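Below: the structure, in structure tokens.
The values are calculated or read from the model by the stated rules, or taken from the named source; none is laboratory data. Here the structure is a predicted model, which is why all the values come from computation and not from measurement. Heads up, the Cβs are rebuilt from the backbone with ideal geometry, glycines too, and the neighbour counts pull from every protein chain shown.
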Amino acid sequence: MKISILTKPFFAVMILMVGLLIFEGQSLYAQSTPDPTGAKTGTIKDVPAAKAGEPTLTEVADAVGHSKIAANIMWTLIAAFLVMFMQAGFAMVETGFTRAKNVAHTMGMNFLVYALGIIGFWICGFAFMFGGSGGVASLGGTPGLTNEFTINLFGKTFGLLGASGFFLNNQVYDVGIFTLFLFQMVFMDTTATIPTGAMAERWKFSSFIVYGFFISMFVYPIFGNWVWGGGWLATLGTNFGFGHGHVDFAGSSVVHMVGGVAALAGAIVLGPRIGKYDKDGTSNAIPGHNLPMAVIGTFILAFGWFGFNAGSSLSGNDFRIGIVATNTMLASAAGALAATFYMWIRYKKPDPSMMANGMLAGLVAITAPCAFVNSFAAVLIGTVSGILVVLAVFFIDQKLKIDDPVGAIAVHGVNGLWGIIALGLFADGSYGDGLNGVAGGVRGLFYGDPSQLLAQLIGSATCIVFVFATMYSFFKIQKIFFGIRVAAADEIEGLDMPEMGMKGYDDSTAHSQEYMTAAEKAF
């Protein structure tokens, strides 16, 4: 019996699911030891009894503890819902910056990556990332996340991979763990959707589906474990005295650099769109079809980013979220203004598309340091990012000859790196006491701790090497054995009908002709 290419990944996933259950060594129907109802979460035991007719100290303490954890869970879930809505923003930005003939295809990728990511993260991504992270006190302790695969080198322990929590089985059937899963899943989905912009308008949909499972199940979770799951990058401080280890409050490296570097690898392997470059290497602009859509999408992303950054506290009782949210807003504004004025001065026009990317660049850059810097640093970080994104877009497009229709590599990859470095420079020591097991607040180079900058650089270099090598190899293998690019005739016609079976717009033919490049017309 012949098995199609599309069914092979399905059977592979099914085999993996069964294997992981055996590896976990427990039944999906095993007796649950955690707290799936939340009734005991936040409570205490063995407190002396009160007088007759009065509430016991246990009851009072239980009520206080229960309410505190409930507030944290509520805050974390609300923040996660905001981040989930960012998916609509990504879909609008990427679709607006691409051509009308590919609307259904671009929207389809941005929609389905959400579903792919959820299932992939549920199967094993969450377990690999947080299976050895230990208890998250703000969410009630999250019992069961205690298995980390480690190696010992130089007399030190290096965490590499979590090993509990596959399929959210009954050993982790806990209100805090399920809350953590939902919050971290929408973060992962942000990473997964970034390459859909850089690889838009020529990526085969079947190849994209396999990619969605791969990045959500393996690439993102593994690097995420090293930083947020108690892995070896997080312990650079306790093991070697490098500050607090690699610190990333909300994901400049874990989310945005991973997505940006994956997008870089994919765009290189996929190659540029037909008509993007002349034979002499001259780059041709291929305008998007709907600027209002892209701008509205940018505002949706900026709105959701408050959940992205402030929600990373995982606590509604952490007053620092006010500073986090304000720093996020300031950096986004500074990034938008810097990109606007740079374009105006350099190219004589402000360019609304660069305004949008400038704001997104500021948001990406402030994501790591937002909890650790003051307002002046936030504005400076955003300003640098706004200029940096413009320089990076033109450098990637004109010098490296890498076709990125929406500027995803510049926005997420380059400015994710800048955000990680900025934390190592501007963290002022006012927050982060005890983070990653190191006493005292997080301090950057300008506040007396050059070792923190070193930890940031080690983490950044690791991200670039690991993600690029893995994703480049993945896309190359796909290209050799299955193909990752649509046929040239389909690309010229537009991917909506050949790939998706329906048009994004009723008048897509007229739009396609309007935005068809000269090279496509002559093809």
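Table for the structure above
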read-out	value
Residue, farthest from ASP318 (Cα to Cα), within the range 124-154, restricted to residues that are touching a Leu at 6+ places or on another chain (Cβ under 8 Å), surrounded by fewer than 24 Cβ atoms within 10 Å (Cβ to Cβ) and not small (Gly, Ala, Ser)	ILE151
Conditions (1) without any contact (Cβ under 8 Å) to a residue 60 or more places away in the chain; (2) surrounded by fewer than 24 Cβ atoms within 10 Å (Cβ to Cβ): number failed by GLY386	(2)
Test: residue in the range 367-383 that is crowded, with 22+ Cβ neighbours inside 10 Å, touching a helix residue (DSSP H, G or I) at 6+ places or on another chain (Cβ under 6 Å), more than 28 Å from LEU435 (Cα to Cα) and small (Gly, Ala, Ser)	no
Filter result (within 19 Å of TYR277 (Cα to Cα), surrounded by 15 or more Cβ atoms within 10 Å (Cβ to Cβ) and either modelled with pLDDT of 95 or more or among the aliphatic types (A, V, I, L, M) (or both)) within the range 494-523	GLY494, MET516, ALA519
SER451 being over 11 Å from PHE426 (Cα atoms), in contact with a Phe, Trp or Tyr (Cβ under 9 Å, 6 or more places away or on another chain), among the hydroxyl-bearing types (Ser, Thr, Tyr) and surrounded by fewer than 22 Cβ atoms within 10 Å (Cβ to Cβ)	yes
Residue check for VAL364: aliphatic (A, V, I, L, M), closer than 28 Å to SER138 by Cα and in contact with a strand residue (DSSP E or B) (Cβ under 8 Å, 6 or more places away or on another chain)	no
Within the range 155-201, tally of residues that are buried (at least 24 other Cβ atoms within 10 Å of the Cβ), on the phi > 0 side of the Ramachandran plot and more than 23 Å from the chain's Cα centre (by Cα)	0
Residue list for the range 99-109, restricted to those being crowded, with 24+ Cβ neighbours inside 10 Å and under 17 Å from ALA198 (Cβ atoms)	ARG99, ASN102, HIS105, THR106, MET109
Pair list, Cβ < 7 Å and 6+ apart or interchain, from the range 282-307 residues that are part of a helix (DSSP H, G or I) to residues that are among the polar types (S, T, N, Q) and surrounded by 14 or more Cβ atoms within 10 Å (Cβ to Cβ)	LEU291/SER353; MET293/THR95; ALA294/SER353; ALA302/SER332; TRP305/THR328; PHE306/THR328
